[in-house]
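The block underneath contains the structure these notes are about, expressed in structure tokens.
Values in this text are rule-based calculations from the coordinates and carry no lab data. What you see is a predicted model; the values in this text were computed from it and never measured. Don't worry about glycine lacking a Cβ; one is built from the backbone with ideal geometry, like all the others, and counts go over all protein chains shown.
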Amino acid sequence: MNPYFFLILCLYILKETFEYLVQYLNLKHMQKAGAKIPPEFEGRIDEALMKKTQEYEADKTKFGFVSSIFDNAVTIAFIFGGLLNIYNSWAASLNLSFIAAGWLFFLLLIYAGEFISIPFSLYGTFKIENKYGFNTMTLKLWISDFVKSLVISTIMMSLMIISGLWLIKWSPDYWWFWVWGFLFLFGIFMMYISPYVIEPLFNKFSPIEDESLKERIIALAEKAGIHAGRILRIDASKRSRHTNAYFTGIGRTKRIVLYDTLLEGMSRDEILAVLAHEIGHWKKKHLLKTLIAFEMFSLIALYISFRLIQSDFLLRLFAIDANTIVAKFVILGFISGILSLALQPVMNFFSRRHERQADNVSFELTKDAESMASALVKLSKENLSNLYPHPLYVALYYSHPPVVERIRHIKRFSIS
């Protein structure tokens, strides 16, 4: 066995084992805290809800272990067990054109991943989410969503795959730059059309009926120097009782979207506090900063991929018989997945910092720390959020600060 081959396998197993250990530590950390209610939640939740929250977190974690172990077994069999070589040789034997062969190669892999995940998606939705009162989706709606998602992903991925392969063939020495440019423009294009073309395929959007609330939201956005094109209500409750609010689109397509569960479960002041936080992201240009960082990283990653693909080292390393660029991309994607673990804490660190900055802006706009804290308590209750995550788990997986930490930070505003 090639020592590098064995090294990559060991690194993959070590990465997955480490992530399992962190999830286990997180679960034990939560269980150790027991039903102890944080001071910030006293009088707002009881021990019964704390117990339900811990059971929900435990069930999700245990189910995550099972689904992850299955995924890892499939991945190891495919990458290290020779299935990639068999599949790649079969695709090459069809004698299709470069673009057609690559399109078929990737599309069938995408379909395989989608269909393999079906049992886990069904169990998570209709067993775990049902058990804790979140799921409102019918099997008919689930099937409808799956078919729509599959059709949309087929169209979108086909456009990207065919365009990317055409650019590789058109400019063999500089395709890494042209592919980067295409993906950047394609991403911007999707930000524009998604609110009008894709999102309405899954949900119904309607103007909020509360004119008084609408006027307050418009005034809040204008106070931050932001013009929100539309303020809409989304029928999220037909799928889940989880609640949220978000901005979508860019430029003239920018709009504020409120879950119907949010509108029904929160006061006007709390809704404004949540929206002020989202406005804070726009005011601080977090989307732009994240986009710039992502695009810079993507450009570097594509150039490194270009350099590595010039050699047949990856094919020899994994004993791939047919020399195809698509097999090299699969191997590179797998290796980058291992290396990405080192980047997760860095990305999440900056994401959590952005969230704190957005909380700061929320208070600057509303001067209402109490409603901000109250909204977070309600969101935490309604989503059964873990109030005692392990610090290492937070560093690896949390894009937002833990809710108790956020509330403590927010309550300092009223003191100062």
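HN-Hα J couplings of region 201-207 from phi, Karplus 6.51/-1.76/1.60, θ = phi - 60°, integer Hz, Gly and Pro as x?
Along region 201-207, the couplings run 5, 10, 9, 9, 10, 9, x Hz.
If you take every residue apart from Ala327 with its C-beta less than 15 Å away from the C-beta of Ala327, what net charge results, scoring Lys and Arg +1 and Asp and Glu -1?
0
Can you put Leu291, Leu315 in order, fewest other beta carbons within 10 Å first?
In increasing order of surrounding Cβ atoms, one gets Leu291, Leu315.
As an exercise, use a Förster radius of 56 Å and the Cβ-Cβ distance of Phe18 and Asp235 to find the FRET efficiency, rounded to the nearest 0.05.
0.90
With θ taken as phi - 60° and the coefficients 6.51, -1.76 and 1.60, list the Karplus ³J(HN,Hα) couplings across region 379-385 in order, rounded to whole Hz; mark glycine and proline as x.
4, 5, 5, 5, 9, 6, 6
With labels modelled as points extended 7 Å from the Cα through the Cβ direction, what inter-label distance (nm, one decimal) is found for Ser97 paired with Ala35?
Placing both labels 7 Å along Cα→Cβ, they lie 6.8 nm apart.
In degrees from 0 to 90, rounded to the nearest 10, what is the angle of the helix 98-116 Cα long axis to the longest principal axis of the chain?
50 degrees
Which pairs, out of Lys52/Lys223; Lys238/Lys284; Lys127/Lys204; Lys32/Lys378; Lys204/Lys328; Lys60/Lys285, put more than 30 Å between their alpha-carbon atoms?
Pairs exceeding 30 Å: Lys52/Lys223; Lys238/Lys284; Lys204/Lys328; Lys60/Lys285.
Taking loop as defined by DSSP and a crowding limit of 14 other beta carbons within 10 Å, which chymotrypsin sites (Phe, Trp or Tyr not before Pro) in region 127-207 fit?
Filter output for region 127-207: Tyr174.
State, to one decimal in nm, how far the label point of Tyr196 lies from the label point of Phe126, with both points 7 Å from Cα in the Cβ direction.
Reported label-point gap for Tyr196 and Phe126 is 3.8 nm.
Please say if region 126-259 is rounded, prolate or oblate, where rounded means a/c under 1.5 for a ≥ b ≥ c the square roots of the C-alpha gyration tensor eigenvalues, and otherwise the choice is prolate for a/b larger than b/c and oblate otherwise?
Because a/c hits 1.5 or more and a/b fails to exceed b/c, region 126-259 counts as oblate.
Just subtract the alpha-carbon distance of Tyr111 and Asp312 from 0.36 nm times their residue separation and send over the number in nm, one decimal.
69.6 nm
What distance in nm lies between label points placed 7 Å from Cα along the C-beta direction at Glu370 and Asp321?
7.5 nm
Calculate the FRET efficiency for Arg268 and Lys52 from the Cβ-Cβ distance with a Förster distance of 35 Å, rounded to the nearest 0.05.
0.80
How long is the gain from Ser158 to Phe6 if the chain were fully straight, where each residue apart is worth 0.36 nm and the alpha carbon distance is subtracted?
Stretched fully, the Ser158-Phe6 segment lengthens by 51.3 nm.
Counting other C-beta atoms within 10 Å, which of Ser121, Ser380 has the fewest, and how do the rest follow?
Fewest to most other Cβ atoms nearby, the residues stand as Ser121, Ser380.
Quick check: the distance between the Cα centres of region 36-59 and region 357-416, to the nearest angstrom?
16 Å
May I ask you to compute the full-extension gain from Lys223 to Lys284, defined as 0.36 nm times their residue separation minus their alpha-carbon distance, rounded to one decimal in nm?
20.6 nm
Please pull out the direction-averaged projected area of the chain, using the convex hull of its alpha-carbon atoms, in nm² to one decimal place.
Convex hull of Cα atoms, orientation-averaged projection: 21.6 nm².
Can you pull out the trypsin sites (Lys or Arg not before Pro) in region 105-208 that DSSP calls coil and that have at most 10 other Cβ atoms within 10 Å?
none
Mind pulling the angle between the C-alpha long axis of helix 3-33 and the longest principal axis of the chain? Nearest 10 degrees, somewhere in 0 to 90.
Approximately 20 degrees, to the nearest 10.
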